[in-house]
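Values quoted throughout were computed directly from the atomic coordinates according to the rules given, and no laboratory measurement underlies them. Quick caveat, the model's predicted, so the values are computed rather than measured. A quick note on method: Cβ atoms are made from the backbone with ideal geometry, for glycine too, and the neighbour counts reach across all protein chains shown.
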Amino acid sequence: MTGSSFATRIGLLLTALTVLACTLVTALNYLKFERLLLIQHQRMFTTIGADLVDTFERGMNIGVRLADVPGAQSLLDRAFGRDVDLQRITVADAGGRVLFDTERVRIGDAAAPALLPAGTTRRLARFGGLDWIGMPVVNSFGQREGSLLLGYGRAGIADRLTAVALAMAGPGLTALAIGLPLAWLAIFLVARPTRALFAQLAGLLAGGGAPATEEAMLQGLREAIHRHGATLDDAERQLEAIAARAPERNA
């Protein structure tokens with residue numbers, strides 16, 4: 001492996017980690033903002049639905065049933081224009097039959113059971129490409145007379161999410177465009193001694209080193225061999241001397 005490829009690999013690894021980190025941070029922030037916007041969106045339509053439910057319940061306090069609340073259909077039609085994302089409002093009786101609807105052709109049909117609230121508890125659901133809020137309509141005796149179903153889309157927050165994503169991606173791209181070239185330059189500067197060492201070793205292995213350098217290395221190798229040889233010879237003489245004295249001591 002040459003010094004150049006070593007620095008290149010380090011640079012590629014650093015680039016990959018930096019891009020991954022920036023992407024991960026941007027994605028997590030995007031998901032966080034998306035969740036916050038969805039909650040805000042839901043609260044706004046919950047407020048619209050709660051106002052309608054309150055109006056219907058006050059209408060029943062005069063002693064009429066849900067189906068006979070005066071001006072019910074016009075009430076839905078007026079509320080329908082309060083937000084462009086509001087796609088449909090339905091009022092169903094306790095059995096799930098549609099009494100009033102902003103899509104009047106659906107009056108008399110059965111409402112989707114997955115949207116109807118259970119008892120007096122609100123229900124949130126995703127159905128037919130829309131987010132739905134199902135709210136119970138309760139009479140003055142605390143009994144559920146029916147349900148108000150409000151369906152809305154997400155087009156209104158899609159543009160805001162796009163703007164948020166662009167705002168978050170801008171600084172990250174700027175940091176990458178400036179930081180990565182500087183990081184690559186620093187890596188190659190720091191790896192310069194390593195590149196020189198690898199180049200020298202590669203030249204020696206290929207037999208392309210300078211004669212003076214090769215002669216110096218060979219001379220050092222000869223001296224090392226000579227020193228180790230002398231040490232071994234001295235050790236051998238000492239062992240022979242010990243072996244020669246052993247019988248005299250035994251005698």
Shape call, the stretch 6-160: gyration tensor on alpha carbons, a/c limit 1.5: prolate
Cα lying deepest toward the dipole's positive end in the stretch 6-160, options S74, N29, L86, charges on Cβ: N29
Packing-based order for 126-136, 53-63, using average beta carbon neighbours within 10 Å, highest first: 126-136, 53-63
Nonlocal amide H pairs with V138, under 5 Å, H built at 1.01 Å: E145
Rounded if a/c under 1.5, otherwise prolate or oblate - the stretch 47-132, Cα gyration tensor axes: rounded
